[in-house]
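Remarks on the structure that follows.
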Number of protein chains: 2
Amino acid sequence: MTIEELVDAPCTWFIDHAPSEIAISSRIRLARNIEGIPFPAHAEAKQRASIREHTLEMLKDSSHFEGGSFFRVDELTTLQKSLLYERSLISKDLAEESNQSGLAVSPDLRDVVMVNEEDHLRLQVVRPGLSLEDIWEEISAVDDEMEEILEIAYSDRFGYLTCCPTNTGTGMRAGVMLHLPGLVLMEEIRPVLRGLGKLGLAVRGSGGEGSDADGFLYQISNQITLGRSEKSILKDIQEVVSELVQHEQNARLRLEESKPAALRDRVGRALGILQHAWILSSKEALDLLAIIRLGLSLDLLELNQAHEVEQLMVEVRPAHLQKLAVKELSAEQRDIFRAEWVRSKLAELKKGRKL
Amino acid sequence: MTIEELVDAPCTWFIDHAPSEIAISSRIRLARNIEGIPFPAHAEAKQRASIREHTLEMLKDSSHFEGGSFFRVDELTTLQKSLLYERSLISKDLAEESNQSGLAVSPDLRDVVMVNEEDHLRLQVVRPGLSLEDIWEEISAVDDEMEEILEIAYSDRFGYLTCCPTNTGTGMRAGVMLHLPGLVLMEEIRPVLRGLGKLGLAVRGSGGEGSDADGFLYQISNQITLGRSEKSILKDIQEVVSELVQHEQNARLRLEESKPAALRDRVGRALGILQHAWILSSKEALDLLAIIRLGLSLDLLELNQAHEVEQLMVEVRPAHLQKLAVKELSAEQRDIFRAEWVRSKLAELKKGRKL
């Protein structure tokens, strides 16, 4: 698959579910390093290059990645890197600083290995919905094969060795992306997030570390990687997230009951603005589309193809929008083009509007 | 005319012009007092009552007010007083504090006398557009007749005597209500307003003294009443306002040229929100309708009956809305009913929308 085909493929992990779904996607990543070689930040360019070539070569022949796509990230354009980031195929760090880094993507686009990010290898698997157990089965198999073909740094005492000590042990970070407009609009999100912190879980915006919660999207993930088995960590997250999903469902019902006009007002205004605005920032578009998603899930809105809203939530991101525009756009032109794109898409979808 | 008929009659001074009109209405009022009787604030209740009965009686027989409507304001309901205020038939002060005050309205609804406001008599004439000279002709005739039938306090040295010294002399305040969204959106309104102050003109919101400039509506009026003839004061205002109208036209053109997307965005969002909101405050509704008015004047929007927008700008005010709702509404219910009213009205008007 060429890079063009890769960034053109549908974001299945994001759009393969109903808009009413609260758990949008699940993700597990494993941090691994090659034995006897300094971590990427301390390695010389030559060492990093050699790790990359060797790893990508070995993965090409592995059963999971055979027939997949392999890239030297520093050879990609800025736009291509941003597109990969917006699709969660690479991290923000890698998109910005990609010296001697690499990327391997399995033919079904589900398994991804970043080479020379913070660690030599970062293996990740993303799937729609709440599916940490299934992902664990899948990623374990890939990890087992990687360990067969590469010399992975492992200590009997500490477990997998990683650049940052917070990853040492299992090297695993598992997270779920949740859509929580009900809790936000009922003003109950803060205590919930505080509670998650006490349970040893981290909460971040949809774009990963340091990003805002655009579109009411939150990533919940484990902070502890050491001293417990992967399965027990995953079980905890799965349980907490299931409870959170209940909370959100509950908040949506109470929102509908206690503030019916406020809710319709919010959904109606979102629709009105998306249908009529001429300037839309990425953040505003995501926030408003997320409200539309809420309106669809509460049956306040009807659209011909609800999935198109999820698709729009990918398309309005800066790099994707730049790709759709074909020609280079300034930030200002992009906001105008984004509004135009959303207006025309929503005009196609408009059906029996209830608002 | 009964009070019900009066508050039901169309607000001709507000709606009898095209939405592109910048000068919405002109108004002159004359402060007059009855000789030998303390000003209302210092008079006893009995004296005020006697002034009121006598004045209304005399006006009933005058040529200008014969066949008109006459009310004891303190006998009206709070809602009726608020309706009169929203129609500029009485002042905010009189609506709130109406002991022994009265109101006379000529049959054509153009000439109004408030009795026992700050002064014994406040005569006012309002007309659509910029028409101070015509109003002066009209109000002078009414004033002349009043002086024939009532003993008006006048000093050869100071002119007409009034309760507040700022009104002494001519007793005249003349003002024009202007719709200035272009200057506001081009961020040029502040220096313009400062300049008006230096010319001895006062600027206030549309609701009179102390009110905000809801809906980009500004009232420009004279501050000086003493030492100059009425005609020379009016000539000055007329000239300044004509220049302001030019400025506003100019600002609208530059807005269209320099920020075409920002302008369409503003107008589009106003339309989108008005068509889809479920909760609307009076201020937000007025501001958004004023933007629609701007959109109509710049030909960015098409509606079946543009006049209906002007009508809506009266209907969304709290007391008028309360009247439309028939049953008593809380402030919260009023905001919901207002949104519903505007949605249904705009649905009727929708035609070839350009946004």
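The values are calculated or read from the model by the stated rules, or taken from the named source; none is laboratory data. This is a predicted model, so every value here is computed, not measured. Quick reminder, even Gly has a Cβ in these numbers, built from the backbone with ideal geometry, and neighbours come from all protein chains shown.
For the stretch A:159-170, residues that are touching a strand residue (DSSP E or B) at 6+ places or on another chain (Cβ under 9 Å) and surrounded by fewer than 13 Cβ atoms within 10 Å (Cβ to Cβ) total 1. Listed by position, the strands (runs of 3 or more DSSP E) inside the stretch B:89-164 whose residues that are of a type outside the set (Gly, Ala, Ser) number at least 3 are B:111-115, B:121-128.
For the stretch B:269-279, what are the residues that are more than 19 Å from A:LEU300 (Cα to Cα) and more than 7 Å from every other protein chain (Cβ to nearest Cβ)?
Matches in the stretch B:269-279: B:ALA270 only.
Tell me which of these A:ILE292 doesn't satisfy, since it passes every other one: (1) surrounded by fewer than 20 Cβ atoms within 10 Å (Cβ to Cβ); (2) within 14 Å of chain B (Cβ to nearest Cβ); (3) over 13 Å from A:GLU340 (Cα atoms). For A:ILE292, the exception is condition (1).
Hey, among the residues in the stretch B:171-182 that are outside any strand (DSSP E or B) and in contact with a strand residue (DSSP E or B) (Cβ under 6 Å, 6 or more places away or on another chain), which one's modelled with the lowest pLDDT? Even if it seems obvious, please write down each step before you answer.
Let us first name the residues in the stretch B:171-182 that are outside any strand (DSSP E or B), namely B:171, B:180-182.
Remaining after also requiring in contact with a strand residue (DSSP E or B) (Cβ under 6 Å, 6 or more places away or on another chain): B:171, B:180.
Working: B:GLY171: 95, B:LEU180: 92.
Looking at the filtered set, the residue picked out is B:LEU180.
Scan the stretch A:295-304 and give yes if some residue there is more than 10 Å from chain B (Cβ to nearest Cβ), surrounded by fewer than 16 Cβ atoms within 10 Å (Cβ to Cβ) and touching a Lys or Arg at 6+ places or on another chain (Cβ under 6 Å), otherwise no. Scanning the stretch A:295-304, I find at least one residue that is more than 10 Å from chain B (Cβ to nearest Cβ), surrounded by fewer than 16 Cβ atoms within 10 Å (Cβ to Cβ) and touching a Lys or Arg at 6+ places or on another chain (Cβ under 6 Å), so the answer is yes.
When A:ALA95 is tested against the conditions (1) within 19 Å of the chain's Cα centre (by Cα); (2) on the phi > 0 side of the Ramachandran plot, the lone failure is (2). Here A:VAL125 passes the criteria (1) crowded, with 22+ Cβ neighbours inside 10 Å; (2) more than 29 Å from A:SER282 (Cα to Cα); (3) in contact with an Asp or Glu (Cβ under 7 Å, 6 or more places away or on another chain); (4) among the β-branched types (Val, Ile, Thr) except the one numbered (2).
Against the criterion of being more than 14 Å from every other protein chain (Cβ to nearest Cβ), surrounded by fewer than 19 Cβ atoms within 10 Å (Cβ to Cβ) and outside any helix (DSSP H, G or I), A:GLU308 does not qualify. When the stretch B:70-121 is filtered for residues that are charged (D, E, K, R), out of contact with any Ser or Thr (no Cβ under 6 Å at 6 or more places or on another chain) and more than 22 Å from B:CYS164 (Cβ to Cβ), the ones remaining, listed by number, are B:ARG72, B:GLU75, B:LYS81, B:GLU86, B:ARG87, B:ASP108, B:ARG110, B:ASP111.
Can you find a residue that is within 20 Å of A:LEU79 (Cα to Cα) and either surrounded by fewer than 21 Cβ atoms within 10 Å (Cβ to Cβ) or within 14 Å of chain B (Cβ to nearest Cβ) (or both) anywhere in the stretch A:247-262?
The first filter runs over the stretch A:247-262 and keeps only residues within 20 Å of A:LEU79 (Cα to Cα), leaving none.
Taking every residue of the stretch A:247-262 in turn, none turns out to be within 20 Å of A:LEU79 (Cα to Cα) and either surrounded by fewer than 21 Cβ atoms within 10 Å (Cβ to Cβ) or within 14 Å of chain B (Cβ to nearest Cβ) (or both).
Residues checked against (1) among the small types (Gly, Ala, Ser); (2) within 22 Å of B:ASP214 (Cα to Cα); (3) touching an Asp or Glu at 6+ places or on another chain (Cβ under 8 Å):
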residue: B:ASP265; (1), (2), (3): no, yes, no
residue: B:SER282; (1), (2), (3): yes, yes, yes
residue: B:HIS307; (1), (2), (3): no, yes, no
residue: B:MET313; (1), (2), (3): no, yes, no
residue: B:VAL316; (1), (2), (3): no, yes, no
residue: B:LEU329; (1), (2), (3): no, no, no
residue: B:LEU346; (1), (2), (3): no, yes, no
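When A:ALA277 is tested against (1) more than 25 Å from A:SER91 (Cβ to Cβ); (2) at pLDDT 90 or above; (3) out of contact with any Gly (no Cβ under 7 Å at 6 or more places or on another chain), just one condition goes unmet, and that condition is (3).
Quick grid of which residues meet (1) out of contact with any Cys (no Cβ under 9 Å at 6 or more places or on another chain); (2) without any contact (Cβ under 8 Å) to a residue 24 or more places away in the chain; (3) more than 28 Å from B:ASP299 (Cα to Cα):
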{"position": "B:ARG173", "(1), (2), (3)": "yes, no, yes"}
{"position": "B:GLU187", "(1), (2), (3)": "yes, yes, no"}
{"position": "B:PHE216", "(1), (2), (3)": "yes, no, no"}
{"position": "B:ASN222", "(1), (2), (3)": "yes, no, yes"}
{"position": "B:GLU230", "(1), (2), (3)": "yes, no, yes"}
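Is it true that some residue in the stretch B:267-278 is assigned by TED's automatic domain parsing to the domain that holds B:HIS320 and among the basic types (Lys, Arg)? Scanning the stretch B:267-278, I find at least one residue that is assigned by TED's automatic domain parsing to the domain that holds B:HIS320 and among the basic types (Lys, Arg), so the answer is yes.
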